[in-house]
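The values are calculated or read from the model by the stated rules, or taken from the named source; none is laboratory data. Small disclaimer: the values here were computed from a predicted structure and weren't measured. Positions of Cβ are backbone-derived with ideal geometry, glycine not excepted, and every protein chain shown enters the neighbour counts. Areas reflect the complete protein model, heavy atoms only, side chains present, ligands, DNA and RNA absent. Shrake-Rupley method; radii C 1.70, N 1.55, O 1.52, S 1.80 Å.
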Amino acid sequence: MTVQFDRIALIGIGLIGSSIAYDVKRLGLAKEVVIATRSADTLKRAEELQLGDRYTTSSADAAKDADLVIVSVPVGASESVAKEIAGSLKPGAIVTDVGSTKASVIAQMQPHMPPQVHFIPGHPLAGTEKSGPDAGFPGLFEGRWCIFTPISGTDETALKTLRQFWESLGSKVDEMDPEHHDKVLAIVSHLPHIIAYNIVGTADDLEAVTESEVIKYSASGFRDFTRLAASDPTMWRDVCLHNKDAILEMLARFSEDLAYLQRAIRWGEGDKIFDLFTRTRAIRRSIVQAGQDVDAPDFGRPHPLEKK
Ligand code: NAP
């Protein structure tokens, strides 16, 4: 079942906000879409891309009389946006966000939400390494999970409405508590990004020694890390600062396991190495079976002499 809102306010119009805007328009999910972003340049670009019906640099103006407000800014900016919009939210409005960390966003936003407003924290597990309004595209959320971390006592009708909204965008919706979300995401998303940032940084330091060999021979594996390490620095700085405990816990486990592997390599324990690499290969197969990636070799990159 689809749902239609009279007015949707999109606060923040980067990769996620603009992708939502394309889908809202394509699927007719709102009579009016109001877009707010902090800089005049991004706002101008959103207007050129015709992402909404009305444009403003004031979040408070955008939120006024909106039935659904979606906040898509770096998680560290959640509190300032919440403070800005609080006074103009109408009773019964649904306010949600798309932030990659949840306990911190709730702590930042919830205290500012007026009593008759339904604040439902959310996180679509969809994205790319690009940012800004030009990075968005319709269908980004198709077949991807969107996790809600509702606060106890949340109005069931509002929850159902927001669920219908994300389902209209093709998402599958799950609910979990915020701390659990933050732990799960620390391992499936935050740690891989941190490892990628780190390995690319290490290689960059080495490059002073090896000149351009790191780039020249990058197809040997290195370039797959560079995709993650090209992600938006502001967004990922905020994720690190706002999911600190879960990330540090996962990093500690990761370091222990790395030490185990390091030791196995040092002592020539081939069985241990082989067993680990066999276990991890099976995980890749499960991801493909769960429809979270395609089975194409080398992530589907074209190879010139490949048989069609
Ligand atoms: P983005 O493309 O970099 O866009 C960020 C938007 O937030 C822009 O409109 C920007 O405005 C605004 N903004 C930046 N700093 C701000 C501040 N201090 N105060 C107010 N507004 C600010 O980011 P994104 O990739 O869409 O990410 C948005 C949110 O989605 C983040 O919380 C992120 O954790 C979450 N998320 C991202 C992904 C992903 O793969 N990228 C996936 C799932 C969830 P100006 O350009 O006008 O400055």
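Just the residues that are assigned to a loop (DSSP other than H, G, I, E, B) and of a type in the set (Asp, Glu), please, taken from segment 60-97. Outline the logic, then answer.
We begin by selecting, within segment 60-97, every residue assigned to a loop (DSSP other than H, G, I, E, B); these are 64-67, 72-74, 87-93.
Passing the criteria: 65, 67.
So residue 53 fits all but one of (1) in contact with an Asp or Glu (Cβ under 6 Å, 6 or more places away or on another chain); (2) open to solvent by less than 10 Å² (accessible area, probe 1.4 Å); what number is the exception?
Exception for residue 53: condition (2).
Inside segment 101-136, can you point out the residues that are closer than 30 Å to residue 50 by Cβ, within 12 Å of the ligand (Cβ to nearest atom) and assigned to a loop (DSSP other than H, G, I, E, B)?
Across segment 101-136, the qualifying residues are 121, 125, 126, 127, 128, 129, 130, 131, 132, 136.
In segment 155-167, which residues are surrounded by fewer than 17 Cβ atoms within 10 Å (Cβ to Cβ) and of a type outside the set (D, E, K, R)?
Quick first cut of segment 155-167, residues surrounded by fewer than 17 Cβ atoms within 10 Å (Cβ to Cβ) only: 155-157, 160, 164, 167.
Result: 157, 164.
Here's a check for you: in segment 115-139, which residue that is touching a Pro at 6+ places or on another chain (Cβ under 8 Å) and surrounded by 14 or more Cβ atoms within 10 Å (Cβ to Cβ) is farthest from residue 66 (Cα to Cα)?
Taking segment 115-139 first, the residues touching a Pro at 6+ places or on another chain (Cβ under 8 Å) are 116-117, 120-121.
From what's left, surrounded by 14 or more Cβ atoms within 10 Å (Cβ to Cβ): 117, 120-121.
Values: 117: 11, 120: 15, 121: 17 Å.
Across segment 115-139, the extreme among qualifying residues is 121.
Taking the options 12, 17, 76, name whichever one is within 11 Å of the ligand (Cβ to nearest atom), surrounded by fewer than 22 Cβ atoms within 10 Å (Cβ to Cβ) and in contact (Cβ under 8 Å) with a residue 40 or more places away in the chain. Break it down stepwise before answering.
Numbers: 12 fails: surrounded by fewer than 22 Cβ atoms within 10 Å (Cβ to Cβ); 17 fails: surrounded by fewer than 22 Cβ atoms within 10 Å (Cβ to Cβ).
That would be 76, the only listed residue that is within 11 Å of the ligand (Cβ to nearest atom), surrounded by fewer than 22 Cβ atoms within 10 Å (Cβ to Cβ) and in contact (Cβ under 8 Å) with a residue 40 or more places away in the chain.
Looking at the structure I just gave you, is residue 43 farther than 19 Å from residue 128 by Cα and within 13 Å of the ligand (Cβ to nearest atom)? Step through it out loud before you land on a result.
Details: farther than 19 Å from residue 128 by Cα: yes; within 13 Å of the ligand (Cβ to nearest atom): yes.
Spelling it out, residue 43 is indeed farther than 19 Å from residue 128 by Cα and within 13 Å of the ligand (Cβ to nearest atom).
Does residue 122 meet the test of being over 23 Å from residue 42 (Cα atoms) and free of Cβ contacts under 8 Å to residues at least 60 places away in the same chain? Steps first, please.
Numbers: over 23 Å from residue 42 (Cα atoms): yes; free of Cβ contacts under 8 Å to residues at least 60 places away in the same chain: yes.
It is true that residue 122 is over 23 Å from residue 42 (Cα atoms) and free of Cβ contacts under 8 Å to residues at least 60 places away in the same chain.
Is at least one residue of segment 182-189 hydroxyl-bearing (Ser, Thr, Tyr), surrounded by 15 or more Cβ atoms within 10 Å (Cβ to Cβ) and in contact with a helix residue (DSSP H, G or I) (Cβ under 6 Å, 6 or more places away or on another chain)? Walk me through it before giving the result.
Residues of segment 182-189 hydroxyl-bearing (Ser, Thr, Tyr): 189.
From what is left, the residues that are surrounded by 15 or more Cβ atoms within 10 Å (Cβ to Cβ) are 189.
With in contact with a helix residue (DSSP H, G or I) (Cβ under 6 Å, 6 or more places away or on another chain) added as a condition, the list becomes none.
No, every residue in segment 182-189 fails to be hydroxyl-bearing (Ser, Thr, Tyr), surrounded by 15 or more Cβ atoms within 10 Å (Cβ to Cβ) and in contact with a helix residue (DSSP H, G or I) (Cβ under 6 Å, 6 or more places away or on another chain).
Just to be sure, is residue 214 more than 20 Å from residue 76 (Cα to Cα), part of a helix (DSSP H, G or I) and of a type outside the set (Phe, Trp, Tyr)? Spell out how you get there, then give the answer.
Numbers: more than 20 Å from residue 76 (Cα to Cα): yes; part of a helix (DSSP H, G or I): yes; of a type outside the set (Phe, Trp, Tyr): yes.
Criteria met by residue 214.
Each row is one residue, and each column tells you yes or no for (1) part of a helix (DSSP H, G or I); (2) out of contact with any Gly (no Cβ under 9 Å at 6 or more places or on another chain); (3) of a type outside the set (Phe, Trp, Tyr).
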{"site": "235", "(1), (2), (3)": "yes, no, yes"}
{"site": "247", "(1), (2), (3)": "yes, yes, yes"}
{"site": "250", "(1), (2), (3)": "yes, yes, yes"}
{"site": "255", "(1), (2), (3)": "yes, yes, yes"}
{"site": "258", "(1), (2), (3)": "yes, yes, yes"}
{"site": "278", "(1), (2), (3)": "yes, yes, yes"}
{"site": "291", "(1), (2), (3)": "no, no, yes"}
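How many residues does segment 60-73 hold that are open to solvent by 10 Å² or more (accessible area, probe 1.4 Å) and small (Gly, Ala, Ser)? Can you show your working first?
In the first step, residues of segment 60-73 are kept if they are open to solvent by 10 Å² or more (accessible area, probe 1.4 Å); the result is 60-61, 64-65, 67, 72-73.
With the extra rule that they be small (Gly, Ala, Ser), the set shrinks to 60, 72.
Qualifying residue count for the region: 2.
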